[in-house]
1. Within the group 157, 161, which residue is within 13 Å of the ligand (Cβ to nearest atom), out of contact with any strand residue (DSSP E or B) (no Cβ under 7 Å at 6 or more places or on another chain) and touching a residue at least 40 places away in the same chain (Cβ under 8 Å)?
2. Tell me, which residue of region 257-271 that is among the aliphatic types (A, V, I, L, M) and modelled with pLDDT of 95 or more is nearest to residue 303 (Cα to Cα)?
3. From the list 244, 210, which one is closer than 19 Å to residue 317 by Cβ and crowded, with 17+ Cβ neighbours inside 10 Å?
4. For a quick check of your reading: which helices (runs of 4 or more DSSP H) sit entirely within region 18-116 and have at least 2 residues that are hydroxyl-bearing (Ser, Thr, Tyr) and in the same structural domain as residue 7 (by TED's automatic domain parsing)?
5. Give me a count of the residues in region 306-318 that are at pLDDT below 95 and assigned to a strand (DSSP E or B).
6. Collect the residues in region 119-144 that are in contact with a Ser or Thr (Cβ under 6 Å, 6 or more places away or on another chain) and within 15 Å of the ligand (Cβ to nearest atom), keeping them in residue-number order.
7. Quick test of your reading of the structure: residue 185 fulfils all but one of (1) modelled with pLDDT under 95; (2) in contact with a helix residue (DSSP H, G or I) (Cβ under 8 Å, 6 or more places away or on another chain). Name the failing condition by number.
8. If the requirement is being under 27 Å from residue 306 (Cα atoms) and free of Cβ contacts under 8 Å to residues at least 60 places away in the same chain, which of these qualifies: 225, 188, 236, 210?
Amino acid sequence: MVKAWVDGAQVLSLVTALRDKGWTTYLTEPRTLEALTDFSGLPPQRVADLVGALEANGVVTYGDTVQLTDAFAALVADDAYISLDDALDQAELLTRMVRTAAEEPGALPLSDADALVTARATGGKGTPITAALYDKLFLPQIPELAELIHTDRFLDVGCGVAGATTTLAGLFPDLRGTAIELIPTVAAETQRRIDVLGVGDRVDLKVMDARDFDEKDVYGSAFWAQPFFPASTRQATLEMILRALRPGGILFVQEMEPLPDDAGRPSYTLRRLVAQGWGVPFGRTAEELTAEAVEVGFELVRIAQTDFGRMVLVRRPL
Ligand SMILES: C[S@@+](CC[C@H](N)C(=O)[O-])C[C@H]1O[C@@H](n2cnc3c(N)ncnc32)[C@H](O)[C@@H]1O
């Protein structure tokens, strides 16, 4: 068992170091071992050993030339949903956090830079790939969302880098909405992505605590990134959303961490360690999320099963 951990840690360390040295970009094209040796500045035998390790671990293929496998090429491509950089930065953050959790008694620190890493690795980019995922897998299972986007404004509460809003804005040219993010460092990246995608005239980004948002009776639909809201902020956030929706408007809340089976427990418990260290409730089930929303005055529409997990739909009463 320890050997397997060591192997995984070594591959992660190796891929991170080679990413930092530009290999993962260079190897998007087929390269001879000689060209890679020149590029790397390392001795030929070292390069051959590195390529051997990368090939055996599924990162590159190696015949006459060396090149990223299709899966890794997709991860480094511009249209990746979550890129290799995002995933490696998140790996570094989570590795650091479990160590701190074991060493320090207090809450785990989350710097603004770390919040940005988390937002990038969670939300994903609004790319054609993301749009296809939403369009084919997700939206048909919650048709209420598309219907409401066509008729009313959409509210994204705790938008992070606004993966959801920018993807929806790309799919629905008539989407008009507001996205709320607390942390200015995260919001700066969100605004950059909104501008790159050219949806700034339709998506209004507010940098503020969602609890202080004071529009009333406006929105037809809202999405709440509930796993990122500490217990002390949840009730006031739900009350704000209830006010902001028009009567009959629907709030969509995703169940992020359903109880795992035995195979999922090792990873689930590590995520729980970090999330609870950050002070956010972990593993709220769809039923618990429903109860939270009903408590402040929402009524349940239904709990939908989607390819992204279960989604709670609750409505502001008419
Ligand atoms: C990681 S994002 C979720 C990803 C997002 N749904 C997407 O599609 O890209 C969640 C965000 O909620 C933000 N957040 C937490 N509490 C908040 C609050 N009280 N007001 C506004 N934003 C908040 C966090 O800063 C974090 O960036």
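The values are calculated or read from the model by the stated rules, or taken from the named source; none is laboratory data. Just so it is clear, the structure is predicted and the values come from calculations on it, not from any experiment. Cβ placement follows ideal geometry from the backbone for every residue including glycine, while neighbour counts extend to all protein chains displayed.
1. Numbers: 157 fails: out of contact with any strand residue (DSSP E or B) (no Cβ under 7 Å at 6 or more places or on another chain).
Result of the check over 157, 161: 161.
2. Our first condition is that a residue be among the aliphatic types (A, V, I, L, M); within region 257-271, this holds for 259, 263, 270.
Checking the rest, the ones that are also modelled with pLDDT of 95 or more come to 263, 270.
Numbers: 263: 25, 270: 27 Å.
Restricting to residues being among the aliphatic types (A, V, I, L, M) and modelled with pLDDT of 95 or more, the top hit is 263.
3. On the way: 210 fails: closer than 19 Å to residue 317 by Cβ.
None of the other options fit; the residue is 244.
4. Working: elements: 23-26, 33-40, 44-56, 70-76, 84-103.
Filter on region 18-116 gives 23-26, 33-40.
5. The qualifying residues number 3.
6. Here is the first cut: in region 119-144, the residues in contact with a Ser or Thr (Cβ under 6 Å, 6 or more places away or on another chain) are 124, 126, 130-131, 134, 138, 141.
If the condition is that a residue be in contact with a Ser or Thr (Cβ under 6 Å, 6 or more places away or on another chain) and within 15 Å of the ligand (Cβ to nearest atom), then 124, 126, 130, 131, 134, 138 are the ones that fit.
7. Condition (1) is where residue 185 drops out.
8. Values: 225 fails: free of Cβ contacts under 8 Å to residues at least 60 places away in the same chain; 188 fails: under 27 Å from residue 306 (Cα atoms); 236 fails: under 27 Å from residue 306 (Cα atoms).
Selected residue: 210, the only one of 225, 188, 236, 210 that is under 27 Å from residue 306 (Cα atoms) and free of Cβ contacts under 8 Å to residues at least 60 places away in the same chain.
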